[in-house]
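In what follows, a single structure is set out as structure tokens and then discussed.
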Amino acid sequence: MRLLTADCIYPVSTPPLKYGLLLIDDDGTILDVLHDNHNVSVDLKPEYHHGLICPGFINAHCHLELSFLKGKIARGKGLANFIQSLIPARHASEAEILKAANDADAEMHANGIVMVGDISNNNSSIEIKKASRIHYHSFIEIYDLNPEKAFESFDKGKLLLNEFAANGLSASMTPHASYSVSAKLLKLIGDFAYENDSVLSIHNQETAGENEMFTEGSGTFVEELNKISGAYGNWKASGFRSLASVFVHLPKCNRIEFVHNTFSSIEDVRWAHLYNLFVWWCMCPNANLYIEQRLPDLDMFVNEVAKICVGTDSYASNSSLSILDELKSIQERHKKISTQELIKWATLNGAEFFGLQKKFGSFEKGKKPGINLITNVDSYMQVLSISSDVIPLV
Ligand SMILES: [Zn+2]
């Protein structure tokens, strides 16, 4: 047993406790959360830590298998350029791909991440996930714009899904993005998710041109996509923005996370909340800054009481796989968003999205959520600083 204390304990499910205490079992299971040491039932000297203590982080969006792309794609050139750059950059040996993914898994663990929602296009990450101390849910990502190939793509995805399941890994099928999946394939994925009550994820409104191609049928983004693949020559606008255009083909009662949301409007958010009560918005601020050099309208999301979770995206568009680095980027630009709120996004909200709130996300008796010490926090205002760091305590 250990008794931990710090300048502030963030249980997340209840308000922060100044100089609170956490009684834990040797394996990290929470035995008690205490306001002060008057009620401590065990004869243990508290371990004091300078900083704040919060539950382990949930990385709601990552691509482990793209870790070998670290530093290979130029910053700030926009989404079309990013997609184009991925094609030649993807040539790498299997050993290089596996080593980078393995290192990324170890780095995330060292950065206090206990659970990851990870996009998988192939089986290369299976062995790493099986051996990892991190709990993974893999999104088997499918894309194909050609409706005639919808069944073929869907069946390929199902084979990969079965391979993950046969290895005892949590996984579900999911579409890539609004602009890369036909309505027919979306419907197949959506029906399958409905039948299996599984979680969905989709890259959403990452660039302005994504909305333009759906409302107007034109714009530089669709032109660039056509140059890359040649598949957009007969592109037809739906007349609606991209979010509504794809969401109508997906079920209304499955948990879904929209990832990025850099160009989502208040109308998109309200429409999504009316269509489906189980919508989460996954923010990957450092990837947005890397690719499009802007952030989503976070104040609007907060005002709309949106359920926000946080992801790192992949090393193709980030210089670290650290949820704390994402929170620091947000707070640097949105000083009004409190550390308490940010920690909730990075812990309990993600855990609830993945249906893992009985284990992860908050300090409550019986949970084993991971325990992070965040250092270099302004102890009076509880604000993160550039030099804030995370140290897993279990
Ligand atoms: Zn992504």
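The values are calculated or read from the model by the stated rules, or taken from the named source; none is laboratory data. The shown structure was predicted, so the numbers you read here are calculated from the model rather than taken from an experiment. All Cβ positions, glycine included, derive from the backbone under ideal geometry; neighbour counts span all protein chains shown.
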Original post:
Any residue at all in region 140-155 that is surrounded by fewer than 19 Cβ atoms within 10 Å (Cβ to Cβ), aromatic (F, W, Y), within 21 Å of the chain's Cα centre (by Cα) and modelled with pLDDT of 95 or more?
Top reply: yes
Picked from region 235-287 (must be hydroxyl-bearing (S, T, Y) and within 16 Å of the ligand (Cβ to nearest atom)), the residue farthest from I58 (Cα to Cα) is S242
The number of residues in region 53-72 that are more than 13 Å from the ligand (Cβ to nearest atom), in contact with a helix residue (DSSP H, G or I) (Cβ under 7 Å, 6 or more places away or on another chain) and either more than 19 Å from N111 (Cα to Cα) or of a type in the set (D, E) (or both) is 1
State whether one or more residues within region 226-243 are at pLDDT 95 or above, among the basic types (K, R) and within 25 Å of G355 (Cα to Cα).
no
Filtering region 6-15 down to residues that are touching a Leu at 6+ places or on another chain (Cβ under 8 Å) and of a type outside the set (F, W, Y) yields A6, D7, C8, I9, P11, V12, S13
So the helices (runs of 4 or more DSSP H) completely within region 315-394 holding 1 or more residues that are surrounded by fewer than 19 Cβ atoms within 10 Å (Cβ to Cβ) and either among the β-branched types (V, I, T) or touching a helix residue (DSSP H, G or I) at 6+ places or on another chain (Cβ under 9 Å) (or both) are 323-333, 339-344
The residue from N254, N288, N276 that alone is within 20 Å of the chain's Cα centre (by Cα) and under 27 Å from S85 (Cα atoms) is N288
By my count, strands (runs of 3 or more DSSP E) wholly in region 90-194 with at least 2 residues that are of a type in the set (D, E, K, R) and farther than 25 Å from N204 by Cα are none
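Within region 195-222, how many residues turn out to be within 30 Å of Y136 (Cα to Cα) and part of a helix (DSSP H, G or I)?
3
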Flagged pairs (Cβ under 6 angstrom, 6 or more apart or on separate chains; first in region 284-300, within 9 Å of G76 (Cα to Cα); second part of a helix (DSSP H, G or I) and within 14 Å of the ligand (Cβ to nearest atom)) are Y290/S317; I291/L79; I291/F82; I291/S317
Checking L31, L23, L52, L3 in turn, the sole residue that is touching a Leu at 6+ places or on another chain (Cβ under 8 Å), free of Cβ contacts under 8 Å to residues at least 24 places away in the same chain and in a strand (DSSP E or B) turns out to be L23
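Filtering region 288-314 down to residues that are part of a loop (DSSP other than H, G, I, E, B) and modelled with pLDDT under 95, which residue is nearest to the ligand (Cβ to nearest atom)?
E292
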Checked against (1) touching a Phe, Trp or Tyr at 6+ places or on another chain (Cβ under 8 Å); (2) within 16 Å of the ligand (Cβ to nearest atom), A89 satisfies every condition except (1)
In region 253-272, residues that are in contact with a strand residue (DSSP E or B) (Cβ under 6 Å, 6 or more places away or on another chain) and part of a helix (DSSP H, G or I) total 1
Does at least one position in region 22-36 carry a residue that is crowded, with 22+ Cβ neighbours inside 10 Å and touching a strand residue (DSSP E or B) at 6+ places or on another chain (Cβ under 6 Å)? yes
Residue set I134, I142, I128; condition among the aliphatic types (A, V, I, L, M) and farther than 30 Å from N372 by Cα; output residue I142
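When you scan region 57-73, how many residues do you find that are over 14 Å from the mean Cα position of the chain (by Cα) and not β-branched (V, I, T)?
Step one: of region 57-73, the residues over 14 Å from the mean Cα position of the chain (by Cα) are 65-73.
Keeping just the survivors that are not β-branched (V, I, T) gives 65-72.
So the count comes out to 8.
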Within region 72-82, is even one residue within 19 Å of P392 (Cα to Cα) and not in a strand (DSSP E or B)?
no
Within region 55-71, residues being part of a loop (DSSP other than H, G, I, E, B) and either in contact with a Pro (Cβ under 6 Å, 6 or more places away or on another chain) or within 26 Å of H135 (Cα to Cα) (or both) number 3
